[in-house]
Amino acid sequence: MRGRTLSAAIALTVFAGMTVTLAAQPVSASPSAPTTAARPIAASAAVLAAPDISVTNVQAHLTQLNSIASSNGGNRRAGSAGYTASVSYVKSKLQAAGYTVSEQTCSSCTYPSNNLIAEWSGGPTDQVVMFGAHLDSVSAGPGINDNGSGSATLLENALVLAAQNPTMTKKVRFAWWTDEEQGLNGSRFYVNSLSATQRGYIKGYYNFDMVGSTNGGYFINRVTSTTAAPLKAYWDSLGLQPEENVEGQGRSDDYYFQQAGIPTSGYAAGASARKTSTQAAKWGGTANAAYDSCYHRSCDTTANVSATVLNRAADGVAYALWQLAVGGGTPTNDFSVAVSPTTRTVARGASTTATVTTATTAGSAQSVSLSASGAPSGVSVSFSPSSVTSGGSATMTLSASASAATGTFTITVTGTGSVTRTASLTLTVTGTGGCSGGQVIGNGGFESGSTPWTASSGVITNSSSQPARTGSYKAWLDGYGSTRTDTLSQSVTVPAGCASYTLSFWLHIDTAETTGSTAYDKLTVQVGSTTLATYSNLNAASGYVQRTFNVAGFAGQTVTLKFTGTEDSSLQTSFVIDDVTLQAS
């Protein structure tokens with residue numbers, strides 16, 4: 001290995017149009033150098049404001065992710081229990097720090113599961129800098145370098161940003177993606193969900209995938225781009241001579257952002273490709289060996305991460321974040337909200353409690369008013385006291401009436417002061433006195449006339465043009481090839497006190513439409529005012545397909561189950577329904 005020194009000044013131009021000069025000092029580039037040296041020695045005031053990210057804290061997050069995998073079949077694959085637990089771990093940390101956190105269900109993923117999105121307060125909403133990493137692993141192992149390393153690096157950077165709470169010049173958004181290993185599906189779903197205006201708000205997306213490889217290199221996506229400038233400037237100040245991430249091109253979550261016209265960059269330390277002798281000479285490590293010998297293997301554990309490489313990536317992220325989105329000034333007052341425990345079960349006619357704690361995270365203590373949302377019918381939520389000074393706590397009481405809706409619900413606790421912070425509790429309401437249960441849909445096979453259904457003329461029919469799934473009758477909505485709306489409905493009393501409630505029906509969609517992209521004709525399924533699903537000519541299939549829904553949220557209520565079919569002026573689409581059931585048990 002050989003070291004290199006750097007004594008020249010570095011002029012850094014970021015995409016916001018700001019230029020900063022780093023007065024760099026000689027720094028060792030050896031991968032074996034102490035991790036505390038992995039920072040610029042001298043820089044402008046803006047550079048000095050960037051925090052040193054504790055690699056020990058990043059490693060602690062990796063230990064937690066490794067433990068989660070060990071407890072859930074040895075991996076954190078998207079859609080698995082290990083992935084869900086990983087999301088919960090990251091989400092709880094972010095919520096406690098005061099982030100606005102949301103989960104986005106990727107319904108088109110190979111393994112349907114959730115992206116996790118977190119935004120920090122401050123900064124203009126139309127000027128967003130986004131930092132992302134995929135949180136899922138392959139099924140072969142725990143995925144600690146790939147990609148616990150990127151996920152943990154962003155998590156610790158997010159927590160440090162919250163703790164310091166500086167004045168923001170841009171909105172900072174963090175994302176942890178699902179289903180990357182199956183084809184970048186989570187990030188693709190997110191990008192596709194954005195409007196053109198929302199995409200335009202994102203001024204740069206930075207991706208971090210495998211940033212702790214044990215035989216690692218120092219690679220930057222689109223290294224010569226303006227977007228990459230702050231990432232490159234930090235590693236340049238360490239004399240690392242970063243290179244273009246050729247191996248990772250098109251293989252990680254920056255791809256669909258780039259395809260959508262959003263400027264992108266990011267760090268990587270290498271995967272299965274082999275380190276050249278030239279790279280080994282300037283970075284250390286073993287020539288002609290993989291950057292990560294445990295890539296996509298069971299040995300990708302906490303032992304498969306270089307603390308030096310990881311530390312340099314974590315500090316580089318902080319440097320870029322501060323350069324791109326942080327201004328001067330005095331931090332505003334801020335606080336966090338947390339609930340303990342985060343899960344509670346209550347029976348009808350009973351109550352349960354949890355503790356809501358607050359903490360001052362920046363500035364001075366302030367008065368915080370507490371409220372809750374998301375409680376099901378028949379459940380009330382109260383706080384004692386209803387207002388606290390940040391740093392104080394309150395008792396939250398959740399009381400279920402004798403007729404409260406049963407099932408599992410998410411209760412959102414909101415603290416309102418100079419800003420708004422939230423935390424969540426999962427509440428399960430159980431029934432008392434048994435479940436009357438059974439099938440509650442009348443004449444679900446349509447063989448006994450129209451009663452108790454209310455339907456448009458001709459909907460309930462035994463026409464042989466569209467055969468029933470069972471028996472002779474079915475409900476046939478639309479299929480005329482002209483502008484038409486057909487409806488089919490039934491008032492249903494959903495019993496209380498049951499453990500499960502499943503609405504099921506069989507649907508055959510037949511169409512003459514030729515498009516593969518436009519939904520001209522639609523079928524909407526509703527319970528009460530809630531839309532359960534919408535189908536269209538795009539869902540056409542050769543036979544009946546069973547559709548099922550959990551309708552526990554309507555327990556103890558009388559509601560209307562309604563099917564509405566709408567057809568445009570040409571080319572028929574038939575929505576044929578049979579064997580409708582709502583089974584409570």
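For the criterion of being modelled with pLDDT of 95 or more, over 14 Å from the mean Cα position of the chain (by Cα) and open to solvent by 30 Å² or more (accessible area, probe 1.4 Å), Ser121 fails.
For Gln95, the stated conditions hold: it is open to solvent by 10 Å² or more (accessible area, probe 1.4 Å), of a type outside the set (D, E, K, R) and more than 21 Å from Thr56 (Cα to Cα). Contact map, the range 466-478: first residue within 13 Å of Tyr544 (Cα to Cα) and among the β-branched types (Val, Ile, Thr), second residue open to solvent by 10 Å² or more (accessible area, probe 1.4 Å) and assigned to a strand (DSSP E or B), Cβ cut-off under 8 Å, separation 6 or more or different chains; pairs are Thr470/Asp579. Does Ser367 fit the bill of being surrounded by fewer than 15 Cβ atoms within 10 Å (Cβ to Cβ), of a type outside the set (Val, Ile, Thr) and either within 30 Å of Gly150 (Cα to Cα) or in contact with a strand residue (DSSP E or B) (Cβ under 9 Å, 6 or more places away or on another chain) (or both)? Yes, satisfied.
Selection of first residues in the range 553-569 that are within 15 Å of Leu582 (Cα to Cα) and open to solvent by 50 Å² or more (accessible area, probe 1.4 Å) and of second residues that are modelled with pLDDT under 90 and assigned to a strand (DSSP E or B), restricted to Cβ pairs under 6 Å at least 6 apart or on distinct chains, gives the following pairs, ordered by first then second residue: Thr558/Thr493.
Screening the candidates Gly200, Gly183 for the property of being at pLDDT below 95 and open to solvent by 10 Å² or more (accessible area, probe 1.4 Å) yields one hit, Gly200. Annotation: of all residues in the range 130-169 being open to solvent by 10 Å² or more (accessible area, probe 1.4 Å) and of a type in the set (A, V, I, L, M, F, W, C), the one that is nearest to Ala228 (Cα to Cα) is Met168.
If you go through the range 403-423 and keep only what is in a strand (DSSP E or B), crowded, with 21+ Cβ neighbours inside 10 Å and at pLDDT below 90, you end up with Arg421, Ala423.
Inside the range 263-305, residues that are charged (D, E, K, R), farther than 22 Å from Pro142 by Cβ, open to solvent by less than 40 Å² (accessible area, probe 1.4 Å) and in contact with a strand residue (DSSP E or B) (Cβ under 9 Å, 6 or more places away or on another chain) make up a count of 1. If you go through the range 425-455 one residue at a time, how many are surrounded by 17 or more Cβ atoms within 10 Å (Cβ to Cβ), in a strand (DSSP E or B) and either free of Cβ contacts under 8 Å to residues at least 12 places away in the same chain or among the small types (Gly, Ala, Ser) (or both)? Number of matching residues: 1.
If the condition is being closer than 15 Å to Gln104 by Cβ and in contact with a helix residue (DSSP H, G or I) (Cβ under 9 Å, 6 or more places away or on another chain), then the range 190-201 contributes Tyr190, Val191, Asn192, Leu194.
No other residue among Ser225, Ser213 is surrounded by fewer than 24 Cβ atoms within 10 Å (Cβ to Cβ) and polar (S, T, N, Q) apart from Ser225. Restricting attention to the range 159-206, which residues are farther than 20 Å from Pro263 by Cα and in contact with a Pro (Cβ under 8 Å, 6 or more places away or on another chain)? Result: Val160, Gln164, Asn165, Pro166, Thr167. A search for C-beta distances below 6 Å between a residue of the range 345-359 that is of a type in the set (D, E, K, R) and any residue that is surrounded by fewer than 16 Cβ atoms within 10 Å (Cβ to Cβ), counting only pairs 6+ apart in sequence or on different chains, returns Arg348/Ala402; Arg348/Thr432.
Within the range 382-396, the set of residues being open to solvent by less than 40 Å² (accessible area, probe 1.4 Å) and either more than 29 Å from the chain's Cα centre (by Cα) or of a type in the set (Phe, Trp, Tyr) (or both) comprises Phe383, Val388, Gly392, Ala394.
List, please: which pairs have Cβ atoms under 6 Å, are six or more places apart or on different chains, and start with a residue in the range 314-341 that is under 19 Å from Tyr206 (Cβ atoms) and modelled with pLDDT of 90 or more and end with one that is small (Gly, Ala, Ser) and outside any strand (DSSP E or B)? Going by the 6 Å Cβ cut-off, the qualifying pairs are Asp315/Ala38; Ala318/Ala50; Tyr319/Ala50; Trp322/Ala49; Trp322/Ala50. Every listed requirement among (1) farther than 29 Å from Val326 by Cα; (2) buried (at least 24 other Cβ atoms within 10 Å of the Cβ) is met by Ser86 save one, (1).
The values are calculated or read from the model by the stated rules, or taken from the named source; none is laboratory data. Treat the numbers as computed from the prediction; the structure is a model and nothing was measured. Here Cβ is always computed from backbone atoms with ideal geometry, including for glycine, and neighbour counts include all displayed protein chains. Surface accessibility is based on the protein's heavy atoms, side chains included, excluding ligands, DNA and RNA. Shrake-Rupley method; radii C 1.70, N 1.55, O 1.52, S 1.80 Å.
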